[in-house]
Amino acid sequence: MRYDGVDDSYFGVVRRFTDRSNYYRFVVYSQGEFEIAKKVNGVFTSLVRDELSKPLKMSSATNTIKAACVGSTLKLYVNDKLAGEIVDREQTNGYPGIIAGTNVEPGLDVLFDNFVITRP
């Protein structure tokens, strides 16, 4: 849940994290977009970014974000609805985690709850 902060912010999960320079990022933006991206050897590449079909729940409401990585297929679900899907074979293993940040101005408070990890 985005608790407080600037409008140009994002939050979500990382998958296949090996270090700060290599991972996949599955995020939603406070403006109502989603993105699946990767960082490889420190180079950030957006794989798919588009508008969410339904707006995020804001204020004190809870949003559910799920990132599925099965083989080379990467899927992002937002509030139990498939937001985006892409095939990428670059990163094959690593750890899961959470991520939040801003693109321009600092200042963001995001609360994460019920972080669950399962195997396909």
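For GluC sites (Glu not before Pro), the sites in segment 32-107 that DSSP calls loop and that have at most 16 other Cβ atoms within 10 Å are Glu90. Starting from segment 19-120, pick out the trypsin sites (Lys or Arg not before Pro) whose DSSP state is loop and whose Cβ has at most 10 other Cβ atoms within 10 Å. Those satisfying the criteria are Arg20, Arg89.
Taking Lys and Arg as +1 and Asp and Glu as -1, the other residues whose beta-carbon sits under 14 Å from that of Thr118 total +4. For the chain, the spread of Cα positions along the three principal axes, ordered from largest to smallest, is 36, 29, 25 Å.
All of the numbers you see were taken from the coordinates with simple rules; none came from a lab. Being a predicted model, the structure only gives us computed values, none of them experimental. Glycine also receives a Cβ, built like all others from the backbone with ideal geometry; neighbour counts cover every protein chain displayed.
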